[in-house]
1. How many Lys pairs in the chain lie less than 19 angstrom apart by Cα atoms, where the lysines are 8 or more positions apart or on different chains?
2. Hey, of (i) 36; (ii) 26; (iii) 67, which did the structure itself give for percent of Cα pairs over 18 Å apart when calculated?
3. Mind checking the angle between helix 3-60 and the chain's longest principal axis? C-alpha axes, 0 to 90 degrees, to the nearest 10.
Amino acid sequence: MSRSSLLSILLNLKQEAQSLLDNAKDTYDHVLHSVIVNDLKKRREAVKEEASKDQVDNKQA
């Protein structure tokens with residue numbers, strides 16, 4: 001194999017590796033966003049439940 005064909009192969013491999021890395025970063029960002037959103041939803045529900053319990057307790061007092 002000539003030097004230029006080896007360099008071409010290496011360049012293609014580098015581009016493919018960069019593409020895979022970019023896809024992995026995008027997937028990580030998407031998963032992290034989903035985890036944060038789900039956590040916020042759970043916290044909001046917990047706050048609503050606590051507020052509801054407080055209202056019931058205040059009415060009973």
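Computed from the coordinates by the stated procedures, all read-outs in this text should not be read as laboratory data. Keep in mind that what you see is a predicted model, and the values were worked out from it rather than measured.
1. Value for the chain: 4.
2. Step by step, percent of Cα pairs over 18 Å apart for this structure corresponds to label (iii).
3. 0 degrees
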